[in-house]
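What follows is a single structure, written as structure tokens, with notes after it.
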Amino acid sequence: MMNQKAVVVFSGGQDSTTCLFWALERFDEVIAVTFDYGQKNKLEIECAAKIAKELGVEHHILDMGLLNQLAPNALTREDIPVEAGKDGALPSTFVEGRNHLFFSFAAVLAKGKGCHHIVVGVSQTDFSGYPDCRNDFVKSLNVTLNLAMDYAFEFHTPLMWIDKEQTWALADSMGKLDYVRENTLTCYEGVKGDGCGKCPSCVLRKQGLERYLSHKKQPEEKEVSQ
């Protein structure tokens, strides 16, 4: 049987770390790739490297600094505040073309490494309106890359149709909830673990965790009372 190898697009955050564990359960060999696009929180890259090392996963960090020149945003520029989108506009944290470029470069790495599978942590359920997190985009790019590189890639999106509560549930089903909670960095302010608790990313993460823990606790309480 052919060795099944996968590349995981890996930021060191909750979603991509959950996807990394998901991939480790399903593929014979897993490679993680992180992109340095000039993000203010360099701790994000350090966090990804630390997790990959702890899990014994081959890890690559690719320079994507050009993206910062082309697409000014709150994640890379000190003079742009983190703000929610107003009047239907995208949040200031949206990086134009980011996933398009990241997934394409991940595919170049994957082909060079003999990997046919690419795992990405995008979600159309909790996606803040980002167009490059939509299922149609991923499916379309998958076809385009197969044609462009004459190679049979298969993109996997384990989180596409689930929200943050269900993402925590997925991590817990693999026995990794505490690890993901304590070791990942999702916060826009660069605070690891539960984060600053105030930025949009932390609020979304916290709300999902609280809902999951609340729903998980309820059946246990019923069981005890019976």
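The values are calculated or read from the model by the stated rules, or taken from the named source; none is laboratory data. Predicted, not measured: the structure shown is a model, and the values here were computed from it. Every residue, glycine among them, receives a Cβ derived from its backbone with ideal geometry; neighbour counts consider all protein chains shown. Calculation scope for accessible area: heavy atoms of the full protein, side chains included, ligands and nucleic acids excluded. Shrake-Rupley method; radii C 1.70, N 1.55, O 1.52, S 1.80 Å.
Here are some notes:
- First in the stretch 39-51 and within 16 Å of L20 (Cα to Cα) and crowded, with 18+ Cβ neighbours inside 10 Å, second anywhere and aromatic (F, W, Y) and modelled with pLDDT under 95, Cβ under 6 Å, 6 or more apart: none
- The set of residues in the stretch 3-23 that are part of a loop (DSSP other than H, G, I, E, B) and in contact with an Asp or Glu (Cβ under 9 Å, 6 or more places away or on another chain) comprises N3, Q4, S11, G12, G13.
- Look at the stretch 133-151: where a residue is open to solvent by 70 Å² or more (accessible area, probe 1.4 Å) and a partner is of a type outside the set (A, V, I, L, M, F, W, C), sitting 6+ places away or on another chain with Cβ atoms under 7 Å, you get R134/Q124.
- Restricting the stretch 152-165 to residues that are touching a residue at least 40 places away in the same chain (Cβ under 8 Å) and either polar (S, T, N, Q) or outside any helix (DSSP H, G or I) (or both), the residue that is surrounded by the most Cβ atoms within 10 Å (Cβ to Cβ): L159
- Test: residue in the stretch 201-219 that is under 22 Å from C47 (Cα atoms), outside any helix (DSSP H, G or I), open to solvent by less than 40 Å² (accessible area, probe 1.4 Å) and not hydroxyl-bearing (S, T, Y): no
- For first residues located in the stretch 188-214 and more than 13 Å from Q14 (Cα to Cα), partners that are loosely packed, with under 14 Cβ neighbours inside 10 Å and not charged (D, E, K, R) and lie 6+ apart or on another chain with Cβ distances below 7 Å form the pairs E189/C196; P200/A84.
- Comparison of G175, G197 shows that the only residue that is in a loop (DSSP other than H, G, I, E, B), touching a Lys or Arg at 6+ places or on another chain (Cβ under 8 Å) and either open to solvent by 80 Å² or more (accessible area, probe 1.4 Å) or not β-branched (V, I, T) (or both) is G197.
- Qualifying positions in the stretch 105-122 - touching a residue at least 40 places away in the same chain (Cβ under 8 Å), open to solvent by 50 Å² or more (accessible area, probe 1.4 Å) and outside any loop (DSSP other than H, G, I, E, B): F105, V108, K111
- Candidate set from the stretch 24-38 (those that are touching a Lys or Arg at 6+ places or on another chain (Cβ under 9 Å), acidic (D, E) and outside any loop (DSSP other than H, G, I, E, B)); member that is most open to solvent (accessible area, probe 1.4 Å): E29
- Out of T93, T125, T76, sole residue that is modelled with pLDDT under 90, open to solvent by 30 Å² or more (accessible area, probe 1.4 Å), among the polar types (S, T, N, Q) and not in a helix (DSSP H, G or I): T125
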